[in-house]
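As structure tokens, the structure follows; a few thoughts come after it.
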Amino acid sequence: MKTVIVRPERCVGCLQCRLACAVEHSESKSLVGALGESIPPKPRLRIYPGRLNYAFPNKCRHCDPAPCQQVCIAGAISREPTRGVIEIAPERCINCGMCAMACPFGVLVYAAVWQVPEKRAVALKCDQCPAREQAGRRPACVEACKVGALTYGDWQESQEEKGRALAQAVFSGLLAQPEVVPSMPETIRLWRQLA
């Protein structure tokens, strides 16, 4: 399954991904139009401050099995069979908060959305922009990210690629002492050097 892959070591905290996400989930699908909507669109990902003055983009991991789906008493959360993405049907959400309590990554937010006629708050999370995906485009947050902190691809392949890059760094002498496990700042320095 293709997904949005987070590389926190590259995030500069510019928040362009959040803006692009909000615009993509607006009724008008344009920045100017979104600013004038009666219900302001909400982004589906969060940026948290991280250690060493780095930012951490946090979005739904589409877990399998998904704790949010397992606890949803209204049946509003389901896995889309062809894409493998966990989705929320806003018209079925009763705003009970069970999914937010069950989510191990804290990615669910509650806000009013234009899709629900009574304009009530419902659970929101990353849906990987299904309309863009059908058109062969990457999710809005990935297109907006200019530093490569958010990419789109197969998670397993991405992990294998990172492992190969780190192993190559160790064997090519980028590490001063290959027998020593690098610290977090040293690892971040290596990732930036390899990217």
Single residue of Tyr54, Tyr110 found to be closer than 21 Å to Ala20 by Cα, surrounded by 15 or more Cβ atoms within 10 Å (Cβ to Cβ), without any contact (Cβ under 8 Å) to a residue 40 or more places away in the chain and hydroxyl-bearing (Ser, Thr, Tyr): Tyr110
Among residues of segment 93-113, those that are assigned to a loop (DSSP other than H, G, I, E, B), under 13 Å from Arg44 (Cα atoms) and of a type outside the set (A, V, I, L, M, F, W, C), counted: 1
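Any chance segment 110-121 includes a residue that's of a type in the set (Gly, Ala, Ser) and in contact with a helix residue (DSSP H, G or I) (Cβ under 9 Å, 6 or more places away or on another chain)? Walk me through it before giving the result.
Step one: list which residues in segment 110-121 are of a type in the set (Gly, Ala, Ser), which gives 111-112, 121.
This time we only want the ones that are in contact with a helix residue (DSSP H, G or I) (Cβ under 9 Å, 6 or more places away or on another chain), so: none.
Within segment 110-121, not a single residue is of a type in the set (Gly, Ala, Ser) and in contact with a helix residue (DSSP H, G or I) (Cβ under 9 Å, 6 or more places away or on another chain).
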Scan of segment 1-26 for residues that are part of a helix (DSSP H, G or I) and in contact with a Phe, Trp or Tyr (Cβ under 8 Å, 6 or more places away or on another chain), ordered by number: Pro8, Glu9, Arg10
Residue under evaluation Lys119, criteria (1) touching a Gly at 6+ places or on another chain (Cβ under 8 Å); (2) more than 20 Å from Arg61 (Cβ to Cβ), criterion not met: (1)
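Just checking, does segment 36-51 include any residue being of a type in the set (Val, Ile, Thr), in contact with a helix residue (DSSP H, G or I) (Cβ under 9 Å, 6 or more places away or on another chain) and free of Cβ contacts under 8 Å to residues at least 60 places away in the same chain?
So the first thing to find is which residues in segment 36-51 are of a type in the set (Val, Ile, Thr), and the list is 39, 47.
So of that shortlist, the ones also in contact with a helix residue (DSSP H, G or I) (Cβ under 9 Å, 6 or more places away or on another chain) come out as 47.
Filter again for free of Cβ contacts under 8 Å to residues at least 60 places away in the same chain, leaving 47.
Within segment 36-51, one or more residues are of a type in the set (Val, Ile, Thr), in contact with a helix residue (DSSP H, G or I) (Cβ under 9 Å, 6 or more places away or on another chain) and free of Cβ contacts under 8 Å to residues at least 60 places away in the same chain.
Restricting attention to segment 143-159, which residues are under 22 Å from Tyr48 (Cα atoms) and assigned to a helix (DSSP H, G or I)?
Applying the first criterion (under 22 Å from Tyr48 (Cα atoms)) to segment 143-159 yields 143-152, 155.
Correct list: Glu143, Ala144, Trp155.
Can we say Gly84 is at pLDDT 95 or above, exposed (fewer than 14 other Cβ atoms within 10 Å of the Cβ) and in a loop (DSSP other than H, G, I, E, B)?
Working: at pLDDT 95 or above: no; exposed (fewer than 14 other Cβ atoms within 10 Å of the Cβ): yes; in a loop (DSSP other than H, G, I, E, B): yes.
When the stated conditions are applied, Gly84 does not pass them.
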Residue list for segment 52-84, restricted to those being of a type outside the set (D, E, K, R), in contact with a helix residue (DSSP H, G or I) (Cβ under 8 Å, 6 or more places away or on another chain) and under 22 Å from Thr151 (Cβ atoms): Leu52, Tyr54, Ala55, Phe56, Pro57
Tally, over segment 132-166, of residues that are touching a strand residue (DSSP E or B) at 6+ places or on another chain (Cβ under 9 Å) and aliphatic (A, V, I, L, M): 4
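Would you say Ala121 is aliphatic (A, V, I, L, M) and more than 19 Å from the chain's Cα centre (by Cα)? Full working, then the answer.
Values: aliphatic (A, V, I, L, M): yes; more than 19 Å from the chain's Cα centre (by Cα): yes.
Yes, satisfied.
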Residue within segment 148-158 that is closer than 26 Å to Glu9 by Cα, touching a Pro at 6+ places or on another chain (Cβ under 8 Å) and not hydroxyl-bearing (Ser, Thr, Tyr) present: yes
Selection within segment 35-56 - closer than 24 Å to Pro130 by Cα, in contact with a Leu (Cβ under 9 Å, 6 or more places away or on another chain) and not β-branched (Val, Ile, Thr): Lys42, Pro43, Arg44, Leu45
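The values are calculated or read from the model by the stated rules, or taken from the named source; none is laboratory data. Small disclaimer: the values here were computed from a predicted structure and weren't measured. Don't worry about glycine lacking a Cβ; one is built from the backbone with ideal geometry, like all the others, and counts go over all protein chains shown.
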